[in-house]
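Report on one structure; see the data block that follows.
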Amino acid sequence: MTDLATHLPVLQVVVPLLLAPLVVLLQPRGLAWAAATTGSVLALAIAINMALAVLGGADLRYELGGWAAPYGIALRVDSFSALLLLIVTGASSAALLAARRSIDDAIQSHRQPMFYAAWLLALAGLAGILVSADAFNIFVFMEISSLASYILVAGGPDRRALPAVFKYLIMGTIGATFYLIGVGLVYMMTGTLNLADMELRIHEVADQRPILVAAGFITVGLALKAALFPLHVWLPNAYTFAPHAVTVFLAACATKVSLYVLMRFDFVVFQQNLAGHEAQFAAFLMPLAVLAILVGSAVALFENNLKRLLAYSSVAQIGYILLGASMVSVAGLSAGVLHMFNHALAKGALFLAVMGLATRFAGLDLRGLAGAARTMPWTMAALVLAGLSLIGVPGTAGFISKWYLVTAALDEGALGIFLIAVVVAGSLMAVVYVWRIVEAAWFATPAEPAEASGAGASGEAPFAILAVTWAVALANIVFGLFTGAQRELAERTAGALLGNLP
Amino acid sequence: MSAEQLILAALGVPLAGALAIGLTGRFSANLREAMTLLTSTALIAAVWSLLPDIQAGARPAVELVEVLPGIDIAFRVEPLGMMFAALASGLWLVNSIYSIGYMRGNREKKQTRFYVMFAVSLAAAMGIAFAANLFTLFLFYEMLTLSTYPLVSHKGDAATVRSARVYLGILISASIGLLLPAIIWTYAVAGTGEFTPGGILEGHMAGPAVGLLLGLFVFGTAKAAVMPVHRWLPAAMVAPTPVSALLHAVAVVKAGVFTITKVIVYIFGVDFLFGEPSSGWLFYAAAFTIITASVVALRQQNLKRLLAYSTIAQLSYVVMAAAILKPLAEVGAAMHMLAHAFGKITLFFAAGAIYTASKKTELGQLHGIGRRMPVTMTAFTIGALSMIGVPPTAGFVSKWYILAGAFQADNYVALATIIASTALNAAYFLPIVYAAWFRPDNTPPDRAHGEAPFAAVLALAITALLTLVFFGYSAPAYELEAQLVRGQP
């Protein structure tokens, strides 16, 4: 077993990557689902294993084929990537475990093997970004995951997904290209793609203009991929029109992985080498983060489509994560990183509940949800639980990160008071938009009995969806009370990212 | 059982009861009601067994989980919380008896949900009473808000839902927008939120910030209904009467004034606040609320709305007493929580009994009703006298201590406020009492009625009796609450 354990970082990518072509061959439709789910759960097991190892103090490094770093491909898993791997594989597994019925409804059975293959490729790509210690490999995996997720988003029966995915594709490609330009410039100046080497060499050329340009390109490109306000316009439609299962998967983790790369680059590679970079970083990102929180939440207040509402809330939540990061302090970064984890839990549970609702209420329009709580009390109860976590009510996971965020802001003096006001305003807006869902489901009187929305429009969601939704919703409570492990990972991450700051 | 186990039992019994009520509810209404009574009796047993220890000076504590370093879910029983828990658990039993009469008498729907949520809100009240720190208190405070919501919106029609939205909207947004920031601020400044005798903020804070923090606490705790965050209380009048009793007497508003008193005594510290001029506004805010709410009550034509405004005024008695910041006044605040609970629950029970028997809700309809419902109206009269503060009722005792505290502080504004409000209370309660007994009966002959169902009448007789008994037998409560301020000058 010890032998196998050393290979875990590479297995994290290899398992889904190799399963993907195999899944294509599994024609009977249940098999493809079973294989993809098995692969995803295996990946989750690997991620948990590595997270435990990292918590135990290990710093997992791996050299592919035994070739040493400057020439071979190096992988590395530290606390930051371990936490993100948990989010990615967990979201994928939860979505797949729940989604069989939902995917059956959305995708014709002969196309399903391809769909699951694309899913596994997206998973492999996202995991690959997280384990890579090399800027170019990150780009390669980013492209794998992006291309696969374009397919996933467009895979559903909703034709409106096509223009949405086209926008996603154009903006995603621009983002990836900017990143590549930036990496190219850094390579030109330093002659290395390995992040660790870059970190060491970049200060020799730190005053050269190409490096500054590279920092700009990389930051903007990744901000685009992370849907940072005002570069978020691709996100709401992509989330809204994607098959519900895909929304669960991508909403919980896709943008966070881009944020991961952004933080890696800005803090590890650029921060200590470029004079005044941290000030620039904060001055550039903090206003955007504040705007993201306020504008994203405000738009969510007025959205009538449930998925769009939650998508705009995601734009706001990305703002919280970046707000923490842009304080450039250990407390702030911990808050941001922790919020990645906690938001994934809340949003994952919310979209899972939406997937359950969608089996009965096709339109997912708030005005059409009347009476949902009467026919689907369990689904709606889980949705409310997850909504509380999104708001940040004490006792839920969402509270923990907001607490960290506010405590971090208190160290910032007068600016901090303003930031706290922003966080409070965002939370209050979250109260309102979660409340709109509750009100629609509980108190609106159905215009016509449920027959209108088609056959089988009564009763609870299928058991699998319900069980997984509740498991994730309860995880919001559990991780709101027992916070040791994820705090440890987040704080260590913050320490490591800021380790080189003077 | 050890005291620690009793604390956990007090929290667990109502929850287990809620489960049992929910499970038995689908089989038999009688079994379900038996479960409610059984649970409330068990809760009384658990809570009241703690009482001797607390009277003897013990402070049993339990810690459940540490959520973040320095922030944990923990419980610790002290006199104020002990009194609140004893009150809530005791009145729950009476209220359950009343509920059975009322809910059956009015053929309410969804009674199982009603009893389940009632039990859950009692669990929340126990959590508030025994919370050892601000974080735990806040958790259960929100749980109480959420679990009472289905009770307030019980009727389920459009108007009810609109009012229930006001209820939830004000309570939640105030608690998240003001109370939670206040709590986080406290933790950030003092490094802890533990309720400590003498307070924790002294030396960590000074100047206008203290007044501001106090404001966040007072207005964030919208359950205490200090103006202008009082609007939810009249709105919640759409609830069935046993729920109004829960809101006004058993748990909800008591949780509000309890939180404020506890924060003043254990977070700020009485002496610290007294020496801090920026905290002086609270006293005037409370006095303003007392007078304004009493004047508004004068103009009400609906009995339950009148009682709601009377509650707003009476709650601010507690807040004002706490804000006088003298030992006797703090004791008076605690005593007034008890006295007001007995009187107000009687009044609400009577209002509900009148509604159940006759469907009357407006003051103009009540002429001569005392001859049809003598027991109910006798109880109502006792409750009204207690609100005014006439001996031999409970209200007299607590006003006595508040006035004594006001003299300690040479606070003549408090004195004037209490006198004025007593006159106002008399002005809106006595005409009702007079009309009920001495005006000719105005019931249409086809709507002839007698007393309400027996269970309801029994319950209101018990609470009216409690109102009288407390006048002569308040010494144990005084002894208990005197521990709050013992050792302080």
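Could you work out the Kirkwood radius for segment B:230-359, taking every pair of different alpha carbons, averaging 1/r and inverting it, reported in Å? If you can, show how the numbers build up before the last one.
Working: mean 1/r = 0.0657 Å⁻¹.
When all Cα pairs of segment B:230-359 are included, the Kirkwood radius is 15.2 Å.
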Cα lying deepest toward the dipole's positive end in chain B, options B:LEU415, B:TYR167, B:PHE288, charges on Cβ: B:TYR167
Per-residue ³J(HN,Hα) for segment A:481-495, Karplus 6.51 cos²θ - 1.76 cosθ + 1.60, θ = phi - 60°, Hz, x for Gly and Pro: 10, 10, 10, x, 4, 5, 5, 4, 4, 5, 5, 5, 4, 4, x
Alpha-carbon centroids, segment B:306-343 and segment B:141-206: separation in whole Å: 19 Å
Proximal lysines relative to A:LYS402, as straight alpha-carbon distance under 23 Å, when same-chain residues fewer than 8 apart are discounted: A:LYS256, A:LYS347
Calculated log₁₀ intensity ratio I(q)/I(0) where the Debye formula runs over C-alpha points of segment A:278-502, q = 0.11, 0.13, 0.14 Å⁻¹: -0.55, -0.73, -0.82
Amide H within-cut-off set for B:ASP72, under 5 Å, with H built and near neighbours excluded: B:VAL67
P(r) of chain B over all Cα-Cα pairs, binned every 10 Å from zero, in whole percent: 4, 21, 33, 27, 11, 3, 0, 0
Principal axis dimensions, largest first and in whole angstrom, of segment B:332-454 by Cα: 58, 26, 20
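Please give me, ordered by residue number, the trypsin sites (Lys or Arg not before Pro) of segment B:293-360 that lie in loop per DSSP and have at most 15 other Cβ atoms within 10 Å.
Details: sites: B:ARG299, B:LYS304, B:ARG305, B:LYS344, B:LYS359, B:LYS360; in loops: B:ARG299, B:LYS359, B:LYS360.
Passing both the DSSP loop test and the Cβ count: B:ARG299, B:LYS359.
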Long-range amide H partners of A:ALA370 with built H, under 5 Å: none
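For segment A:120-164, what class follows from the C-alpha gyration tensor (a ≥ b ≥ c being the square roots of its eigenvalues): rounded when a/c is under 1.5, otherwise prolate if a/b is larger than b/c, else oblate?
On the way: a/c = 4.93, a/b = 2.76, b/c = 1.79.
Prolate, because a/c is 1.5 or more and a/b exceeds b/c.
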Within the protein assembly as shown: Cβ-based charge dipole about Cα centre, in debye rounded to nearest 20 (Lys, Arg +1; Asp, Glu -1): 3120 debye
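Classify the protein assembly as shown as rounded, prolate or oblate, taking a ≥ b ≥ c as the square roots of the eigenvalues of its Cα gyration tensor: rounded when a/c is under 1.5, otherwise prolate if a/b is larger than b/c and oblate if not. Could you put the intermediate results ahead of the total?
Details: a/c = 2.50, a/b = 1.77, b/c = 1.41.
Prolate shape, in that a/c is at least 1.5 and a/b is the bigger ratio.
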Highest-first arrangement of A:336-344, B:345-353, where packing means the average Cβ count within 10 Å: B:345-353, A:336-344
Gyration tensor (alpha-carbon) shape descriptor, segment B:280-489, a/c threshold 1.5: prolate
Relative exposure of B:TRP400, A:TRP119, judged by other C-beta atoms within 10 Å (fewest first): B:TRP400, A:TRP119
Kirkwood-based Rg to Rh ratio, segment B:158-298, C-alpha trace: 1.01
Options A:SER326, A:PHE361, A:VAL384, ranked by Cα towards positive dipole end of segment A:278-502, top entry (Cβ charges): A:PHE361
Square roots of five times the Cα gyration tensor eigenvalues for chain A, Å: 35, 27, 20
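Return the Rg/Rh value of segment B:344-383, two decimal places, where both radii are evaluated on C-alpha atoms and Rh is the Kirkwood radius.
Working: Rg = 9.0 Å, Rh = 9.9 Å.
So for segment B:344-383, dividing Rg by the Kirkwood Rh gives 0.91.
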Assigned charges on the beta-carbon of Lys, Arg, Asp, Glu; chain A dipole about Cα centre (debye): 960 debye
Sorted by Cβ density within 10 Å, fewest first, the residues B:TYR167, B:TYR284: B:TYR284, B:TYR167
Loop chymotrypsin sites (Phe, Trp or Tyr not before Pro), segment A:45-110 (other Cβ atoms within 10 Å of the site Cβ: 15 or fewer; DSSP): A:TRP67, A:TYR71
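At a 10 Å Cβ-Cβ cut-off, how would you order A:GLU278, B:GLU479, B:GLU4, fewest neighbours first?
Working: A:GLU278 20, B:GLU479 11, B:GLU4 14.
The fewest-first ordering by Cβ neighbours comes to B:GLU479, B:GLU4, A:GLU278.
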Whole-Hz ³J(HN,Hα) from phi, Karplus 6.51 cos²θ - 1.76 cosθ + 1.60, for segment B:470-485, glycine and proline x: 4, 4, x, 9, 9, 4, x, 5, 5, 4, 4, 6, 4, 4, 3, 10
Amide H contacts of A:VAL393 (H built 1.01 Å from N, under 5 Å, at least 5 apart or other chain): A:PHE399
Stokes-Einstein translational diffusion, segment B:413-489 - Kirkwood Rh over all Cα pairs, 0.692 mPa s, 37 °C, in µm²/s: 191 µm²/s
Stokes-Einstein D in µm²/s, Kirkwood radius over Cα pairs - segment B:56-141 at 10 °C with 1.306 mPa s viscosity: 109 µm²/s
Cβ-based charge dipole, segment A:236-359, positive-most Cα from A:SER313, A:TYR239, A:ALA279: A:TYR239
Mean-position separation - Cα centroids, segment A:1-67 and segment A:109-168, in angstrom: 18 Å
Largest-first principal axis extents, alpha carbons of segment A:1-147, Å: 46, 29, 24
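Bear in mind that the values in this text are calculations on the coordinates, not laboratory data. Worth saying up front: this structure is predicted, and the values here are computed from it rather than measured. We place every Cβ from the backbone using ideal geometry, glycine too, and count neighbours over all the protein chains shown.
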